[in-house]
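Okay, so here's the structure we're looking at.
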Amino acid sequence: MASRDDIKFLSNPTIGQQRKKYCRFKKYGIKYIDYKDSEFLLQFITEQGKLLPRRITGNSLKYQKLVAVAVKRSRHLAILPYVADLLK
Amino acid sequence: MLNIATNWLYFSAFLEVFFCKSKIYYTFAARIKIFFHHLLLQYNMNQYEVTFIIDPVLSGDEIKSTASTYQTLLKDQGCTIVHVNEMGLKQLAYPIGKKSSGVYYCIEFSATTGGAIVKTELALRRDERIMRFLTVKLDKYGVKYNEDRRSGKISAYKKKEAKKKPYEAGSAAAAAPAPAPAPVKEEIAPAPQPEVVTPVAGNEEE
């Protein structure tokens, strides 16, 4: 009998599937967001330097708020820009 | 916290009952009381972090002296300095006062009262050498993060490079050293040729 591994699909079956979003802070146990770490915070802002919504990053509400505070602090200290073009 | 405070009340009451019989013992009790009070204060200490940007136009010694003045200022107010992080000269994300770079310093300290912070912030605001500053109270996770950062458990986040499959990485590593010697050979090889060729060519012309 053919096992599951022997079945060949005509197209890649994983293509249409949506990947489940998750909160990386909860998943990896990150409790503190450093406002001095610009490389890390760049993940949560757009190319214009705007905060990315939770809908896209998948952060939980608790950590999205902390990210927002950290980004605002780093903007004040000129680690991240307030307004930018082609940031990434 | 409340539990500790009530415990402390019970304990101090007990001390007074126990030692109040004679004057000598009373002073002894007072000393113990003060000692425990200090212990409690240490327990109540909050940890803060003040980050500031120093004008890069100043010379290296002046920059260091400005940073040390704020350290001494904090110490004079009864704060204990946990760590000083010299983040060095950095490019600013946007110009501040027509300057595009600044020297970042981060002083981590613990204090019992907020009065010290008010005074240091006033001094920082008055100082022309300071371009920006920010004082932040660290929660317990922040304190732990900074400790881990210092001990090297956590390193600064780096952007992940595109994942290379093992065979690609191997071929890239093999390919990388190979082209390096090749141009050297080429440089050496053609150089003697024209020296040999030109006289021959000259001879033919003659």
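No lab work stands behind these numbers, since they all come straight from the coordinates. The model shown is predicted, which means the values in this text are computed figures rather than measured ones. Every residue, glycine as well, gets a Cβ built from its backbone with ideal geometry; the counts of neighbours run over all protein chains shown.
Here are some notes:
- Distance between modelled label sites at A:SER11 and B:VAL57, nm, 7 Å Cα→Cβ extension: 6.4 nm
- The amide H of B:SER101, built 1.01 Å from its N in the peptide plane, has B:LEU92 as neighbours under 5 Å, considering only residues 5 or more places off or on other chains.
- Label point at B:LEU89 placed 7 Å out along Cα→Cβ; residues across the stretch A:63-88 whose backbone nitrogen lies under 19 Å: A:78-79
- Inter-probe distance in nm under a simple model that places probes 7 Å from Cα toward Cβ, at B:THR72 and B:ALA123: 0.9 nm
- Residue-wise HN-Hα coupling along the stretch B:72-82, computed from phi with Karplus coefficients 6.51, -1.76, 1.60 (Hz; x: Gly, Pro): 5, 4, 5, 5, 5, 7, x, 8, 9, 8, 7
- Trypsin sites (Lys or Arg not before Pro) within the stretch B:65-125: DSSP coil, no more than 12 neighbouring Cβ in 10 Å: B:LYS98
- Rounded, prolate or oblate (a/c below 1.5 giving rounded, otherwise prolate when a/b exceeds b/c) for chain A by Cα gyration tensor: prolate
- Compactness of the stretch B:46-151 - radius of gyration and Dmax, Cα, Å: 13.7, 38
- In this label model, B:ILE96 and A:THR46 are separated by 2.7 nm, measuring between points 7 Å along each Cα→Cβ vector.
- Of the trypsin sites (Lys or Arg not before Pro) found in the stretch A:10-58, the ones in coil according to DSSP and having at most 16 other Cβ atoms within 10 Å of their Cβ are A:ARG19, A:LYS20, A:LYS21, A:LYS31, A:LYS50.
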